[in-house]
Amino acid sequence: MRLYLDHNATSPLDPRVLEAMLPYLQTQANASSLHAAGRAARAAIDQAREQVAALVDAHPSQVVFTSGGTEANNLALRGVVGAALMHPHHQPRLVISAVEHDSVRAQAQALEQQGVRVQALPVDLLGRVQAQALADDSVLVSVMLANNETGVIQDLAPIVERASALKIPVHADAAQAAGRIPVSFRALGVQMLTLSAHKMQGPQGVGALVVDKALDLQPQALGGPHERGRRAGTENVAAIVGFGKAAELAAAELSERAAKMRARRDQLEAAILAIPGWTLLAAEAERLPNTTLAACAGIDGETLLLQIDAAGLAVSSGSACHSDRRTPSPVLQAMSVPSELARSTVRLSLSPQTTAEEISFAAQVLRQVSEPLRSPAFQALGF
Ligand SMILES: Cc1ncc(COP(=O)(O)O)c(C=O)c1O
């Protein structure tokens, strides 16, 4: 048996999404062309824009399609903070959290090298961002809605309240949240929201930045009027159509999917806690219904991961995005997780299709792999 429990890294394409995409892969047209085929492609994009907007309670005109969550995060930061940098004698401040995805963290570091002051909001031991007083020279606050490694859902309300009092725009990365928990752009009160299709059983390489039209966002891709001048480039019609379909299905099935995943996740966590040596991280925080971060203290996460994989179970150590990194993830460091424990973490992320039998198999693999690795004979080898 092979079981895939790495849906936070990428979730396999829903067959209904593939079916919606196929006609646009078979007949390719440029949505900017004025002929009938071009107009059909434009209509398909417009429909997808409505489907994506509906999932997150936004207006379709606020949706800017991008090549994914990474580009959306980069556009949000660079498009607002980069613009502020152009004012002479101004050293703008960017506020992020200590647990952001690399696409926010790396862009913040790049902006820092250009003179932006970057402030990182700390998190508590469960990975929850701590709202702090904001300096009035802040030009953007960027805090994720749900964390990719821990699944922890952030309470953005106190942050949005402080920021809006100072008229500072807020960006939230909802790449992992959308399609798994209810997300309302309006109710969150943020000015930008990042989405990624392949985390909700849509295609890879497409996402969106939902943008409040009153916000002064400088486009980063130049060379055409696409996406209302906010992101130039010929649209990837088939991918956008797939994103729209995935969003429509996620919206229609949201509560049913969440209930299924939560039940399986709880089953998994109860089973993990019954295996000697295993613990759960951030389990007491409000979390996505599909994500479990577990650790088997004293066992190197990578050794564990490879043996788990060999036994037929695909999971991730920390975040898949930095599976080549040997140091503990910055997220776990920010949560003050001791490095020995942080190095032993395994992330299991479920889909709505994950079954009770599959969870039993996963727990059996974790037990079968970790027992010998925990044995005094193996530990004596110095692993
Ligand atoms: C929280 C978060 N933001 C952004 C991204 C990047 O999205 P994409 O893979 O679509 O570029 C990811 C992907 O892992 C993510 O987990």
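Observations on the model:
- Scanning region 19-73 for residues that are open to solvent by 30 Å² or more (accessible area, probe 1.4 Å) and within 16 Å of the ligand (Cβ to nearest atom) yields 67, 70, 71.
- Applying a threshold of 6 Å to beta carbon distances and a minimum spacing of six or more residues, or different chains, the list of pairs starting in region 185-197 at a residue that is farther than 14 Å from residue 60 by Cβ and ending at one that is within 13 Å of the ligand (Cβ to nearest atom) and assigned to a helix (DSSP H, G or I) reads 192/76; 194/69; 194/72; 194/73; 196/69; 197/243; 197/246.
- Per the listing 80, 95, the residue uniquely at pLDDT 95 or above, assigned to a helix (DSSP H, G or I) and either open to solvent by less than 20 Å² (accessible area, probe 1.4 Å) or within 16 Å of the ligand (Cβ to nearest atom) (or both) is 80.
- If the condition is being open to solvent by 10 Å² or more (accessible area, probe 1.4 Å), charged (D, E, K, R) and within 19 Å of residue 332 (Cβ to Cβ), then region 105-159 contributes 105, 124, 128.
- Residue satisfying condition, being among the charged types (D, E, K, R), in contact with a strand residue (DSSP E or B) (Cβ under 8 Å, 6 or more places away or on another chain) and more than 13 Å from the ligand (Cβ to nearest atom), within set 186, 230, 180, 162: 230
- Single unsatisfied condition, residue 215 versus (1) out of contact with any His (no Cβ under 7 Å at 6 or more places or on another chain); (2) open to solvent by less than 10 Å² (accessible area, probe 1.4 Å): (2)
- Test for residue 56: is it within 17 Å of residue 231 (Cα to Cα) and under 20 Å from the mean Cα position of the chain (by Cα): no
- Pairs linking a residue in region 235-258 that is farther than 11 Å from residue 49 by Cα to a residue that is modelled with pLDDT of 95 or more and hydroxyl-bearing (Ser, Thr, Tyr), with Cβ atoms under 6 Å and 6 or more positions apart or on different chains, are 237/24; 238/24.
- Matching residues in region 289-323 - criterion: being at pLDDT 90 or above, out of contact with any helix residue (DSSP H, G or I) (no Cβ under 8 Å at 6 or more places or on another chain) and within 20 Å of residue 127 (Cα to Cα): 293
- For region 1-18, filtering for residues that are surrounded by 20 or more Cβ atoms within 10 Å (Cβ to Cβ) and polar (S, T, N, Q) leaves 2.
- Looking only at residues of region 301-310 that are open to solvent by 30 Å² or more (accessible area, probe 1.4 Å) and touching a residue at least 40 places away in the same chain (Cβ under 8 Å), we find that the one that is nearest to residue 279 (Cα to Cα) is 305.
- Within region 100-115, considering residues that are assigned to a loop (DSSP other than H, G, I, E, B) and within 13 Å of residue 172 (Cα to Cα), the one farthest from the ligand (Cβ to nearest atom): 100
- Within the set 34, 25, the sole residue that is within 26 Å of residue 352 (Cβ to Cβ) and of a type in the set (A, V, I, L, M, F, W, C) turns out to be 25.
- Hits in region 54-68 - residues which are in contact with a Ser or Thr (Cβ under 9 Å, 6 or more places away or on another chain) and closer than 26 Å to residue 26 by Cα: 66, 68
- When residue 257 is tested against (1) crowded, with 18+ Cβ neighbours inside 10 Å; (2) over 20 Å from the mean Cα position of the chain (by Cα), just one condition goes unmet, and that condition is (2).
The values are calculated or read from the model by the stated rules, or taken from the named source; none is laboratory data. Quantities reported herein were computed from a predicted structural model and do not represent experimental measurements. For neighbour counting, all protein chains shown are included, and Cβ atoms are generated from backbone atoms with ideal geometry for every residue, glycine included. Surface areas here come from the heavy atoms of the whole protein model, side chains and all, with no ligands, DNA or RNA. Shrake-Rupley method; radii C 1.70, N 1.55, O 1.52, S 1.80 Å.
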